[in-house]
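Undergrad: Take a look at the following structure, please.
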Amino acid sequence: MRPGRIAIRLWQGLAIAALAALVAVRAGAAAPTTYRLDNGLELVVIEDHRAPVVVHMVWYRTGAADERPGKSGIAHFFEHLMFKATDELQPGEFSRIVELNGGTDNAFTTWDYTAYFQRVAADRLGLMMKMEADRMRDLRLSDDVVLTERSVILEERNQRVDGDPGALFSEQRRAAQFLNHPYGIPVIGWRHEIAALTADDARAFYRRYYAPNNAIVVVAGDVDPARVRELAERHYGPLAPSKDIPPRLRPQEPPQLAERRLVSIDERVAQPYLVRTYLAPERDPGNQREAAALTILSALLGGNGLTSVLGEALQLERKLAIHVSAGYDGTAVDDTTFSIVAVPAPGVTLESLESAMDETLARFLERGIDAERFSRVKTQVTAGEIYERDSLQALAHRYGAGLAVGLSLEDIEAWPDILHSVTADEVLAAARRLLDRRHAVTGFLAGRPEEVRQ
């Protein structure tokens, strides 16, 4: 047996032993405690007493894919407005109070949810709940405040999207990927629709979606579940629920019958690259094995630039690429995407790199999965999922995001075990269903036409 293989197997044995030890340690931790208040708010409490800190997150089941036609950007717009004045706070005072209490806070919007979070000393949790409950129902949204912030959003789009060829390229690729589903609409919104948003639009969105019966509160850290519930009842409990929250019934994609291709030439691009995306299933409640197989597949194909299937073939052996990666995240309400990214080596055109990539994928599908590589990658992925639990922020995010897209607590808890139990045959079968160029969008981004083809 070659020394390299001995080293690999030794590493695998150590990794599996470490993984088992870590699972045993984490198994002794208290399972999440959940409550539902009378007004519909969901509360998840995750005890972790290693440090006297707490992460407090509020997740709203609304994102860019829930916006009404013609109102793109309103979900992200509203994330900004949540930091304006309430009945009790002045504009910007929320974050100043968090900082004065030694904490940090932020927020983010995706297609499926909007979340707000603070990381503070555990004894400041009540204050965080009081402020979040205040802005959940008592924002003061004057016309002047809304229209001023709209100008801020337009400038943000200028800087983050319109002035960035990579961001514009990504926006165009998503629009090509999703012909009918609102996942094809950018989270920040289309410029002409942002410019037309009104204060009435903002107030209507707020009344419809920002309510306790559309929210999940996740608290992770040095806390007692009974005490957290008491605080939640005191601060969130009196808030009235909304009666007109619409169901999340989105338009779905028709069958894709032909490959879609984009070529973007922009002289500002210093490094050309190609992106291939395939429409892929999400994690479904009670049925996560296909998503688990795709998670392992992404790590096999491009999880590590030097040891993955594509990295080994395109970077090490043929030296056609300087970077290769694959990505998949199934935490979504509807079908998501599986992506492959490749950056050519100097003098290599995007067309020749794509050809070599397709040859590698075809060989992978024909020959199947190397047992040693599969064992190593699955151990890495499973260990990564478990090690992530050591971060309060990541742990709160895992539960909040999962619940926000419709997964159950049992689904979220079972995910690492499902990943660990997926077989090579399941992964290969998922790859054969997925990797069909007729169902893909392929994009080239380059600074000059000769970088695409010679």
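The values are calculated or read from the model by the stated rules, or taken from the named source; none is laboratory data. A quick note: this is a predicted structure, and the numbers were derived from the prediction, not measured. Positions of Cβ are generated from backbone atoms using ideal geometry, with glycine treated the same way; all protein chains shown enter the neighbour counts. Keep in mind that these areas ignore ligands, DNA and RNA; they rest on the heavy atoms of the full protein, side chains included. Shrake-Rupley method; radii C 1.70, N 1.55, O 1.52, S 1.80 Å.
Undergrad: Which value, in nm² and rounded to one decimal, describes the direction-averaged projected area of the C-alpha convex hull of segment 286-350? List each step's numbers first, then the result.
TA: Working: hull surface 19.1 nm².
One quarter of the hull surface, i.e. the mean projection, equals 4.8 nm².
Undergrad: Quick check: the angle from helix 125-137's long axis to the longest principal axis of the chain, C-alpha only, nearest 10 degrees?
TA: On a 0 to 90 degree scale, this one is about 90.
Undergrad: Using Cα-Cα distances under 8 Å and only pairs 6 or more residues apart, what relative contact order does the chain have, in percent?
TA: 21 percent.
Undergrad: Ok, one more. Over segment 24-174, give the accessible area per residue in Å² for a 1.4 Å probe, as an integer.
TA: Per residue, segment 24-174 has 42 Å² of solvent-accessible surface.
Undergrad: OK, next. Spin-label point model (7 Å from Cα, Cβ direction): what's the His192 to Glu372 distance in nm?
TA: My value for the distance between the label points is 5.8 nm.
Undergrad: Which value, to two decimals, describes the C-alpha radius of gyration of the chain once divided by 2.2 N^0.38 Å?
TA: Cα Rg divided by the expected 2.2 N^0.38 Å: 1.05.
Undergrad: I would also like to ask the following. Along Cα→Cβ, 7 Å out, is where each label goes; now give me the distance between the ones at Glu230 and Arg140 in nm to one decimal.
TA: Distance between the two pseudo-spin positions: 3.3 nm.
Undergrad: Could you calculate the FRET efficiency of Arg268 with Arg432 from 1/(1 + (r/R0)^6), where r is the beta carbon distance between them and R0 is 45 Å, rounded to 0.05?
TA: Efficiency at R0 = 45 Å is approximately 0.70.
Undergrad: If you don't mind, another one. If packing is taken as the average number of other Cβ atoms within 10 Å across a peptide's residues, how do 331-337, 147-153 rank, most packed first? Numbers along the way, then the final one.
TA: Values: 331-337: 20.3, 147-153: 16.0.
Top to bottom by mean Cβ count within 10 Å: 331-337, 147-153.
Undergrad: When the convex hull of the Cα atoms of segment 28-91 is projected onto a plane and the area is averaged over all directions, what value comes out in nm²?
TA: Details: hull surface 30.3 nm².
One quarter of the hull surface, i.e. the mean projection, equals 7.6 nm².
Undergrad: Let me ask something else. State the extension gain, in nm to one decimal, for the chain segment bounded by Arg207 and Asp164, taking 0.36 nm per residue of separation less the distance between their alpha-carbons.
TA: 12.0 nm
Undergrad: Which whole-number percent gives the relative contact order of segment 286-347, counting Cα pairs below 8 Å spaced six or more residues apart?
TA: Relative contact order for segment 286-347 comes out at 28 percent.
Undergrad: Could you please state, rounded to a whole Å, how far the C-alpha centre of segment 325-356 is from the C-alpha centre of segment 357-374?
TA: Each part reduced to its Cα centre gives a spacing of 16 Å.
Undergrad: Percent of accessible area on segment 23-113 owned by carbon and sulfur, 1.4 Å probe?
TA: Its accessible area is 52 percent carbon and sulfur atoms.
Undergrad: Then there is this: Compute the long axis of helix 143-157 from its Cα atoms, compare it with the longest principal axis of the Cα atoms of the chain, and write down the angle in degrees, 0 to 90, nearest 10.
TA: Helix 143-157 sits at roughly 10 degrees to that axis.
Undergrad: If you don't mind, another one. Once label points are set 7 Å from the Cα along Cα→Cβ at both Lys319 and Ala31, what is their separation, rounded to one decimal in nm?
TA: Between Lys319 and Ala31, the simple spin-label model gives 5.6 nm.
Undergrad: Now a separate question. On C-alpha positions alone, give me the angle between the axis of helix 424-434 and the longest principal axis of the chain, in degrees, nearest 10.
TA: Taking Cα atoms only, the helix is inclined about 80 degrees.
Undergrad: Can you compute the helix-only [θ] at 222 nm over the chain? Use -39500 (n - 2.57) per DSSP H run of at least 4 residues, normalise by all residues, nearest 500 deg cm²/dmol.
TA: Value at 222 nm, helices only, nearest 500: -13500 deg cm²/dmol.
Undergrad: Work out the count of Lys pairs in the chain where the Cα-Cα distance is under 30 Å, with the pair 8 or more places apart or on different chains.
TA: The number of close lysine pairs in the chain is 6.
Undergrad: Could you compute how fast segment 310-386 diffuses translationally, taking Rh as the Kirkwood radius over C-alpha pairs and applying Stokes-Einstein at 4 °C with viscosity 1.567 mPa s? Give it in µm² per second.
TA: Details: Rh = 14.3 Å.
Result for D is 91 µm²/s.
Undergrad: Just to confirm, what accessible area per residue do you get for segment 330-406 at 1.4 Å probe, in whole Å²?
TA: 36
Undergrad: Take each of the peptides 73-80, 94-101, average the number of other beta-carbon atoms within 10 Å over its residues, and list them starting from the highest. Let's see the in-between values first.
TA: On the way: 73-80: 23.9, 94-101: 15.6.
Going from most to least packed, we get 73-80, 94-101.
Undergrad: Roll a 1.4 Å probe over the protein chains and send me the accessible area per residue for segment 246-321 in Å².
TA: Per residue, segment 246-321 has 48 Å² of solvent-accessible surface.
Undergrad: Explain nothing, just the number: relative contact order of segment 260-407, from Cα pairs under 8 Å at least 6 residues apart, as a whole percent. Please list the in-between numbers first.
TA: Values: 187 pairs, mean separation 37.1, N = 148.
The value is 25 percent.
Undergrad: Round to a whole number: what % of the accessible area of segment 247-315 belongs to carbon and sulfur, probe 1.4 Å?
TA: Answer for segment 247-315: carbon and sulfur cover 57 percent of the accessible area.
Undergrad: To continue, here is another question. Within the accessible area of segment 327-429, what % is carbon and sulfur when the probe is 1.4 Å and the other protein chains stay in place?
TA: 50
Undergrad: Short version: ³J(HN,Hα) in whole Hz for each residue of segment 257-270, in order, from phi by Karplus 6.51 cos²θ - 1.76 cosθ + 1.60 (θ = phi - 60°), x for Gly and Pro, what are they?
TA: 9, 8, 4, 10, 10, 10, 10, 10, 10, 9, 5, 6, 6, 8
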